[in-house]
Amino acid sequence: MRKLTSRNLSPKYFFLLFLCANLVGLFALLYHNQSTGLEATAIRLQLNLKRASDDLHQTAVQFGHMATPEFVSEAALLVSKDQIDGFRLYRNDSLVSWSDNSVCFPILDHGHLSNGYVSAIGATSLFLEVVENFPNKLYLFKKVYHQYPVENGFLQNGFTTKFPDGRNLLICKNSEGVTVRVDDKVLFFVCLKLPNSFWHINQWLILVWLLLLSVSLVSFLFSVSKRLFSRKTNRMIWVKILIVLSVWLAAGSLLHLLNPLLLGDLFKPLVFASGRFNPNMAVLTLNIVFLLILALMWHRIEYKLSFTSAINRYAFIALVVMLIAGGFRLMIGGFQLLIHHSNLPLDTSSIPLFNEYSILIYALLFLLFLVWFLPAFSLLRTFDRFSVIQRIYSLLVLIILTGTPGVFLHENLLTLVAEIVCAALIYSIILFRNSSLKISFMMPLPSQLLILGAAAFLASILVTDSLGQKELAFRRSIAEKYLLDNQDRIAERHLLTLGSVLQSDTILRRMAGQFADQILTQARLDEYLHTQYFSGYLRRYTSVFTFCLPGDNLIASQMAQPVSCEKFFREKSFSSISVIDSSMLWFFGYTPEHKGYLGRYVVPFSTGVLNIYAELVPVGVSRGIGMPEISGQFSSSAGRALQPYSYARYWDADLMSHAGAFSYWRQLPLPHNSFQGDTLITMQKWSHLVIKAPGQAIIVISLPTRSWFTSISLFSYVFLGFSMLLLLGLLFVGFSSGHSLFSGSFRNRFQGTVFLLIFFSLVAIGISSVYFIVSLNERKNENVISDKAHSILIELQHQLPYFNNIQTNDTASLDKMLAKFSDVFFTDINLYSPQGYLIATSQPNAFEAGILAHYMDGDARRILIISKESKLVHKETIGNLQFLSAYLPFSNSGKEVLAFINLPSFSRQEELQAEIGSFLIAIINVYAIVLLIAAITGLVVTRVLTRPLQLLAHHLSAVKIGRSNRKIEWQGSDELAILISEYNRMLDELDSGAIEIKIREREATWREMARQVAHEIKNPLTPLQLNVQYLQKAWIEEAPDFDQRFNRFITTMQEQIERLNTIATDFGQFGSLPQPRFARVELCGILRRISLLFTDDNSRVTFTSDYEVFDFDSDEGLLQVVFTNLVKNSVQAVPHDRKAEISITLSVSENGNVEIRIADNGKGIPTGEYQKIFTPYFTTKSQGTGIGLHLVYQIINTLHGKVWFVSQENIGTVFFVSLPASGQQHKNENLNLPNI
């Protein structure tokens, strides 16, 4: 039924894999020991700190006498040479010069800083050397450690890069860490920083080590099993499956045991988790790799199928079709599992957010496709012997079975259609391919590209569908969390309990009486309430208090007339969304960003009551543009969650409030009662999720719909990624099997070369284009920020036309003014004094948090203040964030510099990343399309260019000496035309030479035949002549035994005459071989009769076959001559000292030919005689004519077959005969499906 050809990696390859695995594991272990040995690492860090401290001290001693303003340029040179990290120079206790603003030294020296380690200046710990040269004081420092108030992508706590041994350490409390000393002084305590730097690298090493070790172990065990079970194919395949499952189980168990020690994201359910069998990304990767190994084993199975009836044939087709369609559905489920259960950015619109885990997900999608495709290809390969109609029917059934589960699972229509189309394309390519080609380097490049394109298209559609479902679920969850119920229940509980607490507070009651008597100010009451009651959890709200006595009036800015305090707040309570307590607490706000509470508290005192109205709004930050990135602050979690969305609240179909980019309708375009539950509608190119809230409220949360360009971009990325993975896979397979990637036909090599040239050309163009757009954006950003700085300068000159000293102005007013300009110009603004000190800022968070000092960048100060440049745009750094910063002097009418305007362009950095991301999406889309077009064009061009070569190769293969050979007709005068012309000329010479050769061969043949005939006839004549002479002599001498001699003479005469008759018969057959007469022949019967004919006491001839009857078209008489000669020669080849054991075997080869194998245990054929075996008149037997095997060769050629042999001296010889077979064959056993 089935023959399995095992093609394992040779030992050198699995040894190479094993060596690589252990090298990776060793590196991971060394890296682990070096990075996680806390005490050893702390000692190395201590030595580095000691060295840094000594170097800084040496520098201070060397340059300490130069602690003067003239030393500034020398100190800047020390910074550039990396001898120090920075300096500060004070004169008369005032800062006069500095190198940078990343360390928050005070502007006025308070004298509290001393030599040695300083634990914290702002957010930085450092080594400090103080050199005094009255009235100057110089501080030289080296940064040691950053401890930012917040951590994000730009601000990372930890040791500076000058202390690489501390990259995995953090400063911690005494009880948690190891002591670090310098000069017997305890500096701090360190502990391991586990999550990021170490495990981010080491987790990949561990995973690669485990995979390489597993694959190398499987390869090694395969090699061992091949030696043990080389002749037992069925047992060997099961042994291999057992090996894979055992190693799979062992690797999974090892991963499970090590899991508590493995702290990387790969080994935790942070980026992926799906049940018990795939708890993390590492286990998932391991499972898919082992499934791929099993798929490769299945793909290597070679099937030999024969069917006793049509029912068996169609049953086999049905089974294969169900297996393939079921496997396709499992692959779709695997795709959806990968996407649904991953917490990773997979959309191409978020390319800048892509990480290595996102790339791994797409790589696993490709491997999952191979897990299905390789067995499917192996099974569909068995359909090659079926007719075209049967294959078409099979294709239709496959398509129906592939799409049916999607219908029952209610899949999205687009997704279902994509699945059916991709599956139909792949099935068609396999079913109707050239059956002589296999899925390797010989497979045509167009077929590979089409299959790859179908896989990429299917993956992109499934990713889009799954991401859409995840986004819709997320949109529904944030709507329910922030829009349907955005009240703060904890705050409400606090505020409700305050009613009775405030009434019973005797201190507050006394203060209320003092306030009524105008003894106590409102500020004192504010301070008391904030300190005693509106602290703790309520600090997240800004509390504003209004104190009203009975009969007090308020003057609101919106009203011209005073209004009663009680009436004002009563009317305000009517506009609330929710009444928490009708006499005490109300909730306001239609959006998460604009919500709050109004509370009314009555505090009695001796002569009356004091009404306290408390208005609470969430604490927000200034609407500065970029500082939240580095200060780590945001308006609220709701603001972050709702940032990409637009949303609106309707009440009875009327718009109540809205936020975001979409322009909502004043009234819902659909009736209110048409919404039942959650409804998703698409209008104006936006997707709107309409949620029916309690009562008459309706929440609409919207997001722009995905454009066709976005979908194409995803396909482009996936296709290019799959192409690169396929290329790497082909390179690895080619290396392991000893084949080159370009070892196929000339056309395939030419097509592959053109494709790779186009691909790498486009990659080079893309890289240069990205570099160009980055440079272009930098120049553009410099121009934009410079223009904004000029605009703000003009506005300031308009706002402050008469100030000669801005520093005398109200700082709070300047801050508000800059905040307003910041909102208008969409940028942060800082204002520095002529000496470089901070006066005002639109975004104070970074300065207040100690991330930035209250003075300008040192380079900016030197260029603007010392060199007196009129403008500066340069790059500055905060933590890991590099950004553009522009400076302009602000002068009065007398050209006196009053201040310096500074615009740090954080927002432009965001825009640059967004623009680069958009450009990458666009360029990859364009290049993917161009690549496909170029590849198709290249394929067409190479096909056209190689057609003459194929034509020439076809004609060359058909050239036969002695026959009429066709010439090639070709128009043109190029190199191909010259080559074809030479071919035609050589045909003419070949024809003329063939005639001469035929004449010479005929003459030589007749001469050889005459010589051989004379020799063969002479052999029996010689004994005849001698016998006649002896008989004549006996007659003359009247010998007494004359009668006996006469009888012997008669016997000898009869033998030699029979010998002459045999010679004449043989040469007669050789000279006139009859034309074959084809008819139905039953071959098994012929071979059985011949085996019985030659079986006697000295020889045993056996016949075996899987077929009881084998009918096919041939010439029975000629076959009798062939197999009689072969069996006779085999029997005669066995020496007399052993019994002849001859075996005849009949089978059917892969290409459908009948193959007869005749093996003997004779003395074998010497290697030097291989070329003479089928030569006429060559024989090694004393009584042979050398005609038999040549006659066999001629007959087999006449029957359009082949004959060959394999021989080993002193062991035996095997002759093979292959003949074209047709007709019906009946097997000895029923149909059995191939064992996997």
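The values are calculated or read from the model by the stated rules, or taken from the named source; none is laboratory data. Quantities reported herein were computed from a predicted structural model and do not represent experimental measurements. No Cβ is skipped: glycine too gets one built from the backbone with ideal geometry, and neighbour counts run over all protein chains shown.
Pairing residues of the stretch 235-254 that are under 20 Å from residue 207 (Cβ atoms) with residues that are polar (S, T, N, Q) and modelled with pLDDT of 85 or more, at Cβ distances under 9 Å and at least 6 apart in sequence or on separate chains, gives 248/287; 252/287. In the stretch 256-279, of all residues being within 17 Å of residue 211 (Cα to Cα) and under 22 Å from the mean Cα position of the chain (by Cα), the one that is modelled with the highest pLDDT corresponds to 278.
Counting only residues that are over 18 Å from residue 56 (Cα atoms), give me the strands (runs of 3 or more DSSP E) lying completely in the stretch 73-125 with at least 3 of them. Counting at least 3 such residues, we get 94-98.
Could you pull out the residue among 408, 354 that is free of Cβ contacts under 8 Å to residues at least 24 places away in the same chain, surrounded by 14 or more Cβ atoms within 10 Å (Cβ to Cβ) and either over 30 Å from residue 281 (Cα atoms) or among the aromatic types (Phe, Trp, Tyr) (or both)?
Selected residue: 354, the only one of 408, 354 that is free of Cβ contacts under 8 Å to residues at least 24 places away in the same chain, surrounded by 14 or more Cβ atoms within 10 Å (Cβ to Cβ) and either over 30 Å from residue 281 (Cα atoms) or among the aromatic types (Phe, Trp, Tyr) (or both).
Here are 537, 541: which of them is out of contact with any strand residue (DSSP E or B) (no Cβ under 9 Å at 6 or more places or on another chain), at pLDDT below 85 and closer than 14 Å to residue 494 by Cα?
Selected residue: 537, the only one of 537, 541 that is out of contact with any strand residue (DSSP E or B) (no Cβ under 9 Å at 6 or more places or on another chain), at pLDDT below 85 and closer than 14 Å to residue 494 by Cα.
When the stretch 505-523 is filtered for residues that are part of a helix (DSSP H, G or I) and at pLDDT 85 or above, the ones remaining, listed by number, are 506, 507, 508, 509, 510, 511, 512, 513, 514, 515, 516.
The condition (being out of contact with any Lys or Arg (no Cβ under 9 Å at 6 or more places or on another chain), polar (S, T, N, Q), surrounded by fewer than 22 Cβ atoms within 10 Å (Cβ to Cβ) and in contact (Cβ under 8 Å) with a residue 24 or more places away in the chain) is satisfied by just one residue among 466, 500: 466. I'd like the full set of residues that are in a helix (DSSP H, G or I) and polar (S, T, N, Q), limited to the stretch 245-297. Hits for the stretch 245-297 are 246, 253, 259, 285, 287. For the stretch 1132-1156, the set of residues classified as free of Cβ contacts under 8 Å to residues at least 60 places away in the same chain and either part of a strand (DSSP E or B) or within 58 Å of the chain's Cα centre (by Cα) (or both) consists of 1140, 1141, 1142, 1143, 1144, 1145, 1147, 1151, listed by residue number.
Taking the condition of a type outside the set (A, V, I, L, M, F, W, C) and closer than 21 Å to residue 883 by Cβ, does residue 179 pass? For residue 179, the condition - of a type outside the set (A, V, I, L, M, F, W, C) and closer than 21 Å to residue 883 by Cβ - is not met.
Evaluating residue 487 against the criteria (1) touching a residue at least 12 places away in the same chain (Cβ under 8 Å); (2) farther than 16 Å from residue 534 by Cβ; (3) part of a helix (DSSP H, G or I) leaves one unmet condition, (3). Total residues in the stretch 372-413 satisfying the condition of being over 33 Å from the mean Cα position of the chain (by Cα), of a type outside the set (Phe, Trp, Tyr) and within 20 Å of residue 1152 (Cα to Cα): the figure is 7.
Within the stretch 1097-1130, the residues that satisfy the criterion of being surrounded by fewer than 18 Cβ atoms within 10 Å (Cβ to Cβ), without any contact (Cβ under 8 Å) to a residue 60 or more places away in the chain and over 24 Å from residue 1220 (Cβ atoms) are 1097, 1098, 1099, 1100, 1102. Checked against the criteria, residue 1205 counts as more than 25 Å from residue 1111 (Cβ to Cβ) and modelled with pLDDT of 85 or more. The lone criterion from (1) at pLDDT below 80; (2) among the small types (Gly, Ala, Ser); (3) closer than 23 Å to residue 368 by Cβ left unmet by residue 436 is number (3). Among the residues of the stretch 826-839, the one identified as crowded, with 19+ Cβ neighbours inside 10 Å, under 44 Å from the mean Cα position of the chain (by Cα) and not β-branched (Val, Ile, Thr) is 828. Checked against the criteria, residue 80 does not count as touching a Leu at 6+ places or on another chain (Cβ under 9 Å), of a type outside the set (Phe, Trp, Tyr), exposed (fewer than 15 other Cβ atoms within 10 Å of the Cβ) and modelled with pLDDT under 80. Just one residue in the set 842, 870, 893 is of a type in the set (Gly, Ala, Ser) and crowded, with 19+ Cβ neighbours inside 10 Å; that residue is 842.
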